[in-house]
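J.: Sharing a structure here in structure tokens format.
The values are calculated or read from the model by the stated rules, or taken from the named source; none is laboratory data. From a predicted model like this one, the values you see are computed outputs, not experimental measurements. All Cβ positions, even for glycine, are placed from backbone atoms using ideal geometry, and neighbour counts span all protein chains on display. These accessible areas exclude ligands, DNA and RNA; they are computed on the full protein's heavy atoms, side chains included. Shrake-Rupley method; radii C 1.70, N 1.55, O 1.52, S 1.80 Å.
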Amino acid sequence: MGGGPAGMAAALAARAAGVQDILLLERDQHLGGILNQCIHPGFGLHHFKEELTGPEYADRFVRLLKEEQGIEVSLRSFVVKLTPGREISYFRPGALEEVRARAVILATGCRERTREMIQIPGSRPAGIYPAGLAQKMVNMEGWIPGREAVIVGSGDIGLIMARRMALEGVKVKGVVEIQKTSRGLVRNVVQCLEDFGIPLYFRHRISRIHGADRVEKVDVVRVDDNLKDIPGSGFEVPCDTVLVSVGLIPENELLEMAGGEIDRAANTPVAAGVNLTSVPGVFACGNACKVYDLVDWVTRDSALAGRMAAEYLEKK
Amino acid sequence: MKRVMTCIECPQGCRLEIEADGRRVLSVAGQKCKRGDKYARQEIEAPMRTLTTSVLTGGLELKMLPVRTSKPIPKEKLFETMAAVKRIVVSSPVKAGAVVATDFLGLGVDLVACRSIDKK
Ligand code: SF4
């Protein structure tokens, strides 16, 4: 389940390990998952020994899948149910399908944490987007979300969107990070912020968002090492857009439905090892299993998940 | 003059210490591989970046086609290049790696498609 990098690698590896009948379900109309919107370079240095963009990395796997007869790819297919007995229900245009699998690999990826989860006070105007959603809008739909932006969180998605928006002519007024360091790669701080003269405010947070219909400005305040606001340190930043890049949550609702044990803090499967879940015959790989920072490792570990599923089927 | 910079050639992000005399590099230290040395010299002499962006399409299955420059271009040309990219519309199907515009802006680099795209 899931036709991003994890699902594609798992399906191909399971096939290579001799699994006869594989169904790959993807809810979008294309394979590739999040890679399709990650148009920046930085992928594949380990797996392909060259630097690719996200779509290029995905394209290599899509081509392999096209040549592979033993894998049926079903696009626009949204899984709505998984039982402990591995019965699967999914919608595809015009039909509700039901299949039973002898093994299931969950490669459902992540969704984004939102403004609500970090509790920024203030009004609720238009112009506040999760950074990954903004990335999809800019890179795939051709919409620019605003003219003057502030970014919350200095993870890789936030940094990459800072550069992307700057290149598109948006005035990026700063990246606000509550921690002392960036969670993102150093190279992204350099090539996404320093290259474009975008300030990075460590140990700062947005204390309020202002605006009636549309964002008008944000209040930014410095915090101490206990993350408490430092009085008198506040300043205002006029802007019409706020991008929120504050982490990812693995999507494991299907596993939960199948009775699998979930770690509530991280929303990841509780299991004895990587790619495993507490439900026999149900595996989880890629960002659904744990949040990775490099797709190359997703490919490596997900291929292992494919082989683990193949081994499970042989033993049965 | 001593300068410290981060190598951006790969996600390792090595911290490079560079001894330079104006734009002439005397020594580079801290790199975990050869590319770091090359990067430091290039970065001091004339910084280069690969540009990736998306261009509009017409009559194709996706609204935008992701593209990249075939080679890095001078950093100070990024915005000029973006402005020129915005004038391009791709209206026939291409394969990943196909050239969308040749010798772009006379920089000696091509604009290359990053994925295959079909008709609607
Ligand atoms: S020096 Fe080599 S290993 Fe270090 S960041 Fe640069 S390319 Fe990567």
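J.: With an 8 Å cut-off on Cα pairs and a minimum separation of 6 or more residues, tell me the relative contact order of the range A:114-244 in percent. The partial results should precede the final answer.
T.: Working: 277 pairs, mean separation 41.6, N = 131.
This gives 32 percent for the range A:114-244.
J.: Quick one: compute the contact order of the range B:52-113, relative version, from alpha carbon pairs under 8 angstrom and 6+ residues apart, as a percent. Don't skip to the end; give the middle numbers.
T.: Values: 93 pairs, mean separation 23.1, N = 62.
It comes to 37 percent, rounded to a whole number.
J.: If R0 is 45 Å, what FRET efficiency do you get for A:Ile144 and A:Asp263 from their C-beta distance, rounded to 0.05? Please report the intermediate quantities before stating the final value.
T.: Values: r = 38 Å, r/R0 = 0.84.
The pair A:Ile144/A:Asp263 has a calculated efficiency of 0.75.
J.: While we're on this one: To the nearest 10 square angstrom, what accessible area does A:His204 show with a 1.4 Å probe?
T.: 20
J.: Quick one: ranking A:Glu98, B:Glu19, A:Glu216 by accessible area, 1.4 Å probe, largest first, what do you get?
T.: Numbers: A:Glu98 135, B:Glu19 65, A:Glu216 115 Å².
Accessible-area ranking of A:Glu98, B:Glu19, A:Glu216, largest first: A:Glu98, A:Glu216, B:Glu19.
J.: Looking at this model, which pairs from A:Lys136/B:Lys2; B:Lys32/B:Lys71; A:Lys136/B:Lys71; A:Lys66/A:Lys316; A:Lys173/B:Lys77; B:Lys2/B:Lys32 are more than 31 angstrom apart at the alpha-carbon?
T.: Working: A:Lys136/B:Lys2 41 Å; B:Lys32/B:Lys71 23 Å; A:Lys136/B:Lys71 25 Å; A:Lys66/A:Lys316 29 Å; A:Lys173/B:Lys77 22 Å; B:Lys2/B:Lys32 19 Å.
Over 31 Å apart, Cα to Cα: A:Lys136/B:Lys2.
J.: A follow-up question, please. Which residue fluctuates most in the GNM of chain A (Cα springs below 10 Å): A:Leu248, A:Leu45, A:Leu31?
T.: A:Leu45
J.: Follow-up question, since we're still on this one. Quick one: ranking A:Met117, B:Met5 by accessible area, 1.4 Å probe, largest first, what do you get? Please list the in-between numbers first.
T.: Numbers: A:Met117 95, B:Met5 20 Å².
Order by accessible area, largest first: A:Met117, B:Met5.
J.: Moving to a separate point now. Skipping prolines and chain starts, which residues have an amide H placed within reach, meaning under 5 Å, of the one on A:Gly174, given they are 5 or more residues away or on another chain?
T.: A:Ile151
J.: Label-point separation (nm) for A:Lys171 and A:Arg222, each offset 7 Å from Cα along Cα-to-Cβ?
T.: 2.4
J.: Right, another one. Pop a pseudo-label 7 angstrom from the Cα along the beta-carbon direction at both A:Arg60 and B:Glu45 and give the gap in nm to one decimal.
T.: Rounded to a tenth, the inter-label distance reads 2.9 nm.
J.: May I pose another question? Taking each residue of A:182-188 in turn, how many C-beta atoms of other protein chains fall within 10 Å of its C-beta, and what is the average? Show your work: numbers first, answer last.
T.: Details: counts 0, 0, 1, 6, 8, 9, 4.
Mean number of neighbouring Cβ atoms from other chains: 4.
J.: Further question: P(r) of the range A:20-115 in 5 Å steps, Cα pairs, percent per bin?
T.: Histogram of Cα-Cα distances, whole percents per bin: 3, 11, 17, 20, 19, 15, 9, 5, 1.
J.: Still on this structure: If the chain between A:Glu253 and A:Glu67 were fully stretched, how many nm would it gain, using 0.36 nm times the residue separation less the Cα-Cα distance?
T.: Working: separation 186, 0.36 × 186 = 66.96 nm, distance 3.19 nm.
Net length gain for the segment: 63.8 nm.
J.: Of the accessible area of chain A, with the probe set at 1.4 angstrom, what percent is carbon plus sulfur? Could the numbers behind the result be given before it?
T.: Values: 7210 of 14080 Å².
The value for chain A is 51 percent carbon and sulfur by accessible area.
J.: If ligands, DNA and RNA are left out, what is the accessible area of B:Ser70 with a 1.4 Å probe, given in Å² to the nearest 10?
T.: Surface open to solvent at B:Ser70 totals about 60 Å².
J.: Through the Karplus equation 6.51 cos²θ - 1.76 cosθ + 1.60, θ set to phi - 60°, convert the phi angles of the range A:17-27 into ³J(HN,Hα) values in whole Hz; use x for Gly and Pro.
T.: Along the range A:17-27, the couplings run 8, x, 5, 7, 10, 10, 10, 10, 9, 9, 7 Hz.
J.: Moving to a separate point now. Which residues make up the longest stretch of chain A clear of chymotrypsin sites (Phe, Trp or Tyr not before Pro) that lie in a DSSP loop with no more than 16 other Cβ atoms within 10 Å, not counting the sites?
T.: Details: sites that count: A:Phe48, A:Trp143.
With a cap of 16 other Cβ atoms within 10 Å, the longest stretch comes to A:144-316.
J.: Going 7 Å from the Cα of A:Ser89 toward and past its Cβ, which residues in the range A:55-79 have a backbone nitrogen under 15 Å from where you end up?
T.: A:78-79
J.: Taking all pairs of distinct Cα atoms, average 1/r, flip it, and tell me the Kirkwood hydrodynamic radius of chain A in Å to one decimal place.
T.: On the way: mean 1/r = 0.0481 Å⁻¹.
About 20.8 Å for chain A.
J.: Still on this model: In chain A, which helices (entire DSSP H runs) extend 24 Å or more along their own long axis, judged by Cα positions, while averaging at least -0.5 on the Kyte-Doolittle scale? Present the calculation step by step, with values, prior to reporting the outcome.
T.: Details: long enough: A:295-315 (30 Å, -0.28).
Helix filter hits for chain A: A:295-315.
J.: If you don't mind, there's one more thing I want to ask. Can you work out ³J(HN,Hα) from phi for every residue in the range B:107-120, in order, using Karplus 6.51 cos²θ - 1.76 cosθ + 1.60 and θ = phi - 60°, giving whole Hz and x for Gly and Pro?
T.: 8, x, 10, 9, 9, 10, 6, 9, 8, 7, 9, 10, 5, 4
J.: Follow-up. Ignoring ligands and nucleic acids, what accessible area does A:Ile128 show with a 1.4 Å probe (Å², nearest 10)?
T.: That residue has around 40 Å² of solvent-accessible surface.
J.: Given the range B:1-116, report the % of alpha carbon pairs whose separation exceeds 20 Å. Walk me through the intermediate numbers first.
T.: On the way: 3445 of 6670 pairs.
The share of Cα pairs beyond 20 Å in the range B:1-116 comes to 52 percent.
J.: Please find, in a Gaussian network model of chain A (springs between Cα atoms separated by less than 10 Å), the residue of A:Val190, A:Val246, A:Val298 whose mean-square fluctuation is greatest.
T.: A:Val190
J.: Just counting partner chain Cβ atoms within 10 Å, what average do the residues of peptide B:1-12 show around their Cβ? Don't jump to the answer; show the numbers that get you there.
T.: Working: counts 0, 0, 0, 0, 2, 8, 3, 11, 3, 6, 13, 4.
The per-residue average across the peptide is 4.
J.: Let me ask another. So for the pair B:Arg3, A:Phe48, with labels modelled 7 Å out along Cα→Cβ, what separation do we get in nm?
T.: Between B:Arg3 and A:Phe48, the label points sit 3.1 nm apart.
J.: Next up: Provide the three semi-axes, in whole Å and in decreasing order, of the ellipsoid equivalent to the range A:114-244 as defined by the square roots of 5 times the Cα gyration tensor eigenvalues.
T.: Numbers: eigenvalues 90, 67, 30 Å².
Sorted largest first and rounded, they come to 21, 18, 12 Å.
J.: Choose one answer from A:Ala126, A:Ala303, A:Ala265: the residue with the largest mean-square fluctuation in a GNM of chain A with alpha-carbon springs under 10 Å.
T.: A:Ala265
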